[in-house]
Each structure stands twice: as C-alpha cells, then as structure tokens.
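K.L.:
Shown below is the structure under consideration.
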Amino acid sequence: MRLTHLFFISLFCLSANGQNSISAELEFDGELRDYKLFLPSGYDSLSSMPLVFNLHGFTSTAEGIEDRSQMNMIADTAGFIVCYPNGIDRAWNVGWQFGSNANDVGFINAMIDTFLLKYKIDPNRIYSTGFSNGGFMSYRLACELNDRIAAIASVAGGFSPDYFGNCEPSRPVPVMQIHGTFDLIVPINGSPAVTVPIQDVVNFWVENNECQTAFLETEITASVKMRDWLTCAPSSTVKYYIIEQGSHTWPGSEGFGVNQDIDASEEIWLFFKQFELNTTPSNLSEKYSQNISVFPNPVSNQLNFSKLADSYSIFNSIGQTVLTGKSAETISVSQIPDGLYFGKMEQDGNLYQFTFVKN
C-alpha cells in the first residue's frame, strides 16, 4: 500500500460553543484529496471518540452531504466525530461503468491512519454511512475494509451489478439499509447500469452475517416499516428501513416530499453505537495512560523515542507483536510493512504508549 500523508489545514473554525469545523487536504496516490471534519463541542485530547465517515452522492460534495444529513447536530449531542470526504470528480469508485476509478478504499484507509495520529479516536468505533453513491461506497468498505470499519449504513445506495459478485467480507458486518419504494435514481427493484435489487443486497448481508432468514417487521408509521434480522452471528445484524412512496432522499432532511417520519441520521447513529471492533492490541491496557512522542512520524526507516526506552514493544493494527527490544533510543522499522502501529515502552518504572505510521 502506498501511503503518503501531507496534512494541510486550510480552514479551522472554532465556534462559540466549542465545535470545530476543519477543512483539510491529504496527499494520496499522487493526488491531493480533501475532506471536512467535524469535532463536537465535547471533544478533548483525553477521551477517545467514535468516528463516522459520511459519504456524498454522485455529483455532490462533502458540503452537500453535511448540509443534507445535518449529522453534525447528532454528533455534537452524542459525542462523535464526523468526516465528510470528497470523491474525485464528485464520485466514488463503486464498480460503475461511469463515475470514478480512484482507489477510494485506500484513500479512506489512509484517512483513518492520519486521524488516529492527529485526533483522539477509538479505532474500534469507526463507521461509514453515505447517500446514494456514498451508500454504495459504504458497502464497498464493508466488503474490503471491514477490519477497520465496525458497521455501515446505506441511504438510497446499493451494490453495482459489476461489483456485487466480488464482495467477499472477512467477517460478519452489521449493516443498515434505508430505501424508498419510489426511488427513480437507485430503483428498489434494481437497474442494469446502477444497482442489483435492494432486496438482493439485503439478502447478501443476511447470508454473510449468518442470520436466520426469518425477520421481525415493525410498522414504525404508515409510511415506514423496518425489517430486523435479530438472530445473526455474534455482534452483527441486518436492518432494513423501507420508506413507502419514498423518493431518492435522506429521510428527515429538508426538501419537498422528503419523509419526516424518521430522522435517518439519528437512526444511523443509534444503530452504529451498538457495535465495535476489537482491534486495539490487548497488550495496551489502560495502565498505559501516558503518551510519549516518537519521530519522525510518519517514518520510513529510523524511529526515535523522545527518551531512552528501558524496553519497548510494537504491535500492528490487529494486535500482533512485530518488534520488541531493550535499552534503545532509536529503532529500525524498515523491515515492517507500511501501516499504522501501536507501541508501549517502559522507562524508569513508568509506562508509556505511542502510535506511528510506517510508509
């Protein structure tokens, strides 16, 4: 994986109530990619918070989905961070014959690495949602990045016919689908150029998540029913909201004909907060509450500690030990693969933790 990070803060706004809105750029695969990041008013550098990616639709933008979903209000109350990335040419690569062919999975993976270094984020509670093309992309992340994405939700999205047979998740992934029966852009019954039938999408995840085929159907209102597969593999489920006569919209958002019986952003967060990964190395227990600086970061060859380590251990993102040693101030990391790493060290009886990116 080619992982190059240049983090340029182009806009930083601090509101009176402490909310942070950041616009920034990240160099990936030789291109400058940009995104917006919302930090809730309760954010500080001490407590880890969940991270939600919210991906825009085809021809839309980060600002467009931020405005449409109004997810910042939910995030500020519930206490999670929201990232709104921009796709190249206002599109995400989801297997269509049109739109984008960029390595968007790699881009989002690189953003996760960057954010874990820059902000206090819980690596076990990273999620993705999106509207239309962004919903398709969230499904692709569930297929290919499920070692980092705990759960996904798709609003008016689906699976492109060309990609559908190529999804091979390595684990059960909790998924939520929200779709209108009158959606003409991403038809619920499928379209050869756009999506397989949405029920086929749901059925795929029912099978992948080892759910019993029987589901509980609840009529939330006259226009919204919800199907819930309750008996699935541990820590997974499938949930499907059907919006009767619903068009290609985000329920709860502003606009003519938009269903107001549910708030999609609120339902998505209530769904996400039930699930988390368990990828943080168990060796890094809570007793390692002090941080230590390491540099350069990202690093290619030699990693330096800001103080002499009596002993150290370094773990990859799934908790496997990759390096150990004693009495060192500088260590070589040239032999380990590119990626995000966690570390612990002991010095004069004090215990420290650190993170770094190898590229």
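K.L.:
Please determine, by comparing only the residues of the stretch 191-208 that are part of a helix (DSSP H, G or I) and either of a type outside the set (A, V, I, L, M) or at pLDDT below 95 (or both), which one is surrounded by the fewest Cβ atoms within 10 Å (Cβ to Cβ).
P.N.:
If we take residues in the stretch 191-208 being part of a helix (DSSP H, G or I) and either of a type outside the set (A, V, I, L, M) or at pLDDT below 95 (or both), then GLU207 is surrounded by the fewest Cβ atoms within 10 Å (Cβ to Cβ).
K.L.:
OK, next. Within the stretch 270-278, is even one residue part of a loop (DSSP other than H, G, I, E, B), of a type in the set (Asp, Glu) and closer than 15 Å to ALA151 by Cβ?
P.N.:
Yes, the stretch 270-278 has at least one match.
K.L.:
Looking at the stretch 209-237, which of the residues that are buried (at least 18 other Cβ atoms within 10 Å of the Cβ) and in contact (Cβ under 8 Å) with a residue 40 or more places away in the chain is farthest from the chain's Cα centre (by Cα)?
P.N.:
By that ranking, first place goes to CYS232.
Quick grid of which residues meet (1) buried (at least 18 other Cβ atoms within 10 Å of the Cβ); (2) more than 30 Å from GLU27 (Cβ to Cβ):
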residue	(1), (2)
SER306	no, no
ASP310	no, yes
VAL322	no, no
GLY343	yes, no
GLU346	no, yes
LEU351	no, yes
PHE356	yes, no
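K.L.:
Tell me, please, whether a residue that is in contact with a Gly (Cβ under 7 Å, 6 or more places away or on another chain), assigned to a loop (DSSP other than H, G, I, E, B) and among the small types (Gly, Ala, Ser) can be found in the stretch 295-309.
P.N.:
There is no residue in the stretch 295-309 that is in contact with a Gly (Cβ under 7 Å, 6 or more places away or on another chain), assigned to a loop (DSSP other than H, G, I, E, B) and among the small types (Gly, Ala, Ser).
K.L.:
Condition (residue is in the same structural domain as PHE136 (by TED's automatic domain parsing), crowded, with 17+ Cβ neighbours inside 10 Å, hydrophobic (A, V, I, L, M, F, W, C) and over 15 Å from SER154 (Cα atoms)) applied to the stretch 238-246: is it met by at least one residue?
P.N.:
For the stretch 238-246, residues in the same structural domain as PHE136 (by TED's automatic domain parsing), crowded, with 17+ Cβ neighbours inside 10 Å, hydrophobic (A, V, I, L, M, F, W, C) and over 15 Å from SER154 (Cα atoms): absent.
K.L.:
Take the residues of the stretch 321-359 that are in contact (Cβ under 8 Å) with a residue 12 or more places away in the chain and not in a strand (DSSP E or B): which is farthest from PRO123 (Cα to Cα)? Can you show your working first?
P.N.:
Within the stretch 321-359, the first condition is being in contact (Cβ under 8 Å) with a residue 12 or more places away in the chain, and the residues that meet it are 321-334, 336-348, 350-359.
Okay, now just the ones that are also not in a strand (DSSP E or B), so 333-334, 336-338, 348, 359.
Values: VAL333: 22, SER334: 24, ILE336: 21, PRO337: 19, ASP338: 18, ASP348: 29, ASN359: 19 Å.
Out of the qualifying residues, it is ASP348.
The values are calculated or read from the model by the stated rules, or taken from the named source; none is laboratory data. Keep in mind the model is a prediction, meaning the values are calculated, not measured. In this analysis, Cβ positions are derived from the backbone assuming ideal geometry, glycine residues included, and neighbour counts consider all displayed protein chains.
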